[in-house]
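A.B. asks: Below you will find the structure I want to go over with you.
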Amino acid sequence: RLFYFNPLNATDRYRLVLENPADRGVAERLMAINLWDRVRAMGAGVLDASRRGNFEGFRNERLDRLPFEFNCTSWDLPFTGLLEWDYVSPMKLGKEKKTDPRILQKVLDVLGNSKCVWVSKVQALRSISHNFVLTPENLWDYLNFFPKGRLPVGSPGVDPDTLVLPSCRADVFVMMFCRTLHLMLPPKQAEKDMYVVGPHILYNRDLMDPGCMVEIRERLGWLNTFDAYHCCAAKGPTKKGKDVNLSDTYSLDLGFHEEYQVAKFLILLGAVEDGENMLDCHWTGAGFLERTGAPFLVPASWLPDPPAHGVFSLRYSSGKNGEYVMWDKRAEIMRKLSPLPY
């Protein structure tokens, strides 16, 4: 694992055997990178996209397959055990110079001519990924190079102990997420230009299968994968929208920062867009209503800050034909809640 570890682009999924010195070295390096990225993000005023609202880059932490909560100030790395976690850097690209397309194509040509298995090609690409600054079009080309869906059982290079077969496109998307420009765009620009977290790439079903989309959201988090323009079934500024965000129906655990922020966005948006927009609402904190099956009506006291507990579920609608959609208002609200560049 240490051989393919790229500390200059550490966003990835990790499975580390802590008795192994190389794997333990990766875990120690990741903890140092997390601390450095955390301090940089807080100092730069980057909006927090972490799972628990503490700027930690680690997600989906498991030790010997049991979940635990990482905290950089109180958690000590054990000497034994199987450590599994995802790391997501909070630092995104700004106005860096794009990589020459001829160089990017040359890399694809080398990978295409190689006889290595798919897993090895992904690992090789990861080792040089920090040198890239991609456009959404470049990212599309790289994703399209790799096979769609999960690799078949028994594929060469796949860890025989893994519980989930790898998806090369999910791995490449996660790897290149912090190395790609235009993850999101302002409304007017989104009408004509390609952006990553939307129907062009992440939610393009010709490019990514639904299982891959779900895995990417799990690995990168809600705030890094939520397209506010397409939060309902109405077509967004791209004139697409049916399957963006996987659905217009949400089930959000308000005890987790990232899901709380998405719920807050939907509630704030529902207060400014016309029409009956928050449908089929339920909240587990309303015990009596849950027991009787009665619908839950979002109270005015939830504005601007809903309670930070319970599971809130709803379907968001902006009218039968999207007649109540306010694209600029969606972007305005999300600029205060999400690190993506709306």
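A.B. asks: Starting from the Kirkwood Rh over alpha-carbon pairs, what translational D in µm² s⁻¹ does region 1-77 have by Stokes-Einstein at 25 °C and 0.890 mPa s?
C.D. replies: Value of D from the Cα-based Kirkwood radius: 183 µm²/s.
A.B. asks: Now, a different point. For the chain, which span is the longest to avoid every loop-located (per DSSP) member of trypsin sites (Lys or Arg not before Pro) having at most 10 other Cβ atoms inside 10 Å?
C.D. replies: Here the longest segment lacking exposed loop sites spans 240-319.
A.B. asks: Test of understanding: express the Cα radius of gyration of region 63-119 as a ratio to 2.2 N^0.38 Å, with N the residue count.
C.D. replies: Dividing the Cα Rg of region 63-119 by 2.2 N^0.38 Å gives 1.90.
A.B. asks: Just by accessible area at a 1.4 angstrom probe, what is the order of HIS257, HIS309, HIS230 from largest to smallest?
C.D. replies: Putting HIS257, HIS309, HIS230 in descending order of accessible area: HIS309, HIS257, HIS230.
A.B. asks: How far is helix 118-128 tilted off the main Cα axis of the chain, in degrees rounded to 10, range 0 to 90?
C.D. replies: The two axes meet at around 90 degrees.
A.B. asks: May I ask you to derive the FRET efficiency for GLU19 and LEU165 from their Cβ-Cβ distance with R0 = 35 Å, giving the value to the nearest 0.05?
C.D. replies: 0.85
A.B. asks: Calculate the FRET efficiency for ASP109 and HIS130 from the Cβ-Cβ distance with a Förster distance of 22 Å, rounded to the nearest 0.05.
C.D. replies: 0.60
A.B. asks: Tell me the label-point distance for the pair CYS281, ALA294, using the 7 Å Cα-to-Cβ offset, in nm and rounded to one decimal.
C.D. replies: 1.4
A.B. asks: Now, a different point. Once phi is turned into ³J(HN,Hα) by the Karplus curve 6.51 cos²θ - 1.76 cosθ + 1.60 with θ = phi - 60°, what whole-Hz value does each residue of region 10-18 show in order, with x for glycine and proline?
C.D. replies: Working through the residues one at a time gives 8, 5, 5, 9, 10, 9, 10, 8, 6 Hz.
A.B. asks: Cα axis of helix 136-145 to longest principal axis of the chain: angle in degrees, 0 to 90, nearest 10?
C.D. replies: Once rounded, the angle reads 60 degrees.
A.B. asks: Under a 1.4 Å probe, what is the accessible area of region 1-150 per residue, stated in Å²?
C.D. replies: 53
A.B. asks: Right, another one. With no solvent and one point on each alpha carbon, what is the Debye value of log10 I(q)/I(0) for region 242-315 at q = 0.22, 0.28 Å⁻¹?
C.D. replies: -1.05, -1.52
A.B. asks: Let me ask you something else. Which of GLN105, GLY255, PRO339 sits farthest toward the positive end of the charge dipole of the chain, with +1 on the Cβ of Lys and Arg and -1 on the Cβ of Asp and Glu?
C.D. replies: GLN105
A.B. asks: Whole Å is fine, so just give me how far the alpha carbon centre of region 182-222 lies from that of region 273-303.
C.D. replies: Comparing the Cα centres of region 182-222 and region 273-303, I get a distance of 29 Å.
A.B. asks: Now, a different point. Ignoring ligands, DNA and RNA, what accessible area per residue does region 206-342 give at 1.4 Å, in Å²?
C.D. replies: For region 206-342, the solvent-accessible area averages 44 Å² per residue.
A.B. asks: I'd like to know how region 38-92 sits against the 2.2 N^0.38 Å rule of thumb: what's its Cα Rg over that expected value?
C.D. replies: The reported ratio for this selection is 1.22.
A.B. asks: Could I ask something else about it? Principal axes first, then extents: for the Cα atoms of region 167-307, list largest minus smallest coordinate on each axis, whole Å, largest first.
C.D. replies: That gives 46, 32, 24 Å along the principal axes, largest extent first.
A.B. asks: A follow-up question, please. When averaged across all projection directions, what area in nm² does the alpha-carbon convex hull of region 75-210 cover?
C.D. replies: 10.8
A.B. asks: Restricting attention to region 1-86, which GluC sites (Glu not before Pro) occupy a DSSP loop and are surrounded by at most 12 other Cβ atoms within 10 Å?
C.D. replies: Hits after loop and neighbour filter: GLU19, GLU69.
A.B. asks: Another question, if that's okay. Give me log10 I(q)/I(0) at q = 0.17, 0.18 Å⁻¹ for region 164-214, Debye formula, one equal scatterer per alpha-carbon, no solvent.
C.D. replies: -0.54, -0.60
A.B. asks: Determine the calculated [θ] at 222 nm for the chain from helices alone, applying -39500 (n - 2.57) to every DSSP H run no shorter than 4 residues and normalising by the residue count; nearest 500 deg cm²/dmol.
C.D. replies: For the chain, the value works out to -10000 deg cm²/dmol.
A.B. asks: What is the magnitude of the charge dipole of the chain about its Cα centre, with +1 placed on the Cβ of each Lys and Arg, -1 on the Cβ of each Asp and Glu, and no other charges, expressed in debye to the nearest 20?
C.D. replies: 940
A.B. asks: Roughly what angle does helix 257-272 make with the longest principal axis of the chain, taking Cα atoms, 0 to 90 degrees, to the nearest 10?
C.D. replies: Approximately 30 degrees, to the nearest ten.
A.B. asks: Expressed as a whole percentage, what fraction of the accessible surface of region 1-71 belongs to carbon and sulfur atoms when a 1.4 Å probe is rolled over the protein heavy atoms?
C.D. replies: 58
A.B. asks: Okay, next question. Among the chymotrypsin sites (Phe, Trp or Tyr not before Pro) in region 61-138, which ones are in a DSSP loop with at most 13 other Cβ atoms within 10 Å of the Cβ? Mind listing them?
C.D. replies: Loop-located and lightly packed - PHE68, PHE79.
A.B. asks: Return one quarter of the surface area of the convex hull spanned by the alpha-carbon atoms of the chain, equal to its mean projected area, in nm².
C.D. replies: 18.5
A.B. asks: Using +1 at the C-beta of Lys and Arg and -1 at the C-beta of Asp and Glu, which of ASN20, LEU8, ASN138 has the Cα lying farthest in the positive direction of the dipole of region 3-149?
C.D. replies: Of ASN20, LEU8, ASN138, it is ASN138.
The values are calculated or read from the model by the stated rules, or taken from the named source; none is laboratory data. All figures in this text were calculated on a predicted structure; none of them were measured in a lab. Don't worry about glycine lacking a Cβ; one is built from the backbone with ideal geometry, like all the others, and counts go over all protein chains shown. For accessibility, only protein heavy atoms count, side chains too; no ligands or nucleic acids. Shrake-Rupley method; radii C 1.70, N 1.55, O 1.52, S 1.80 Å.
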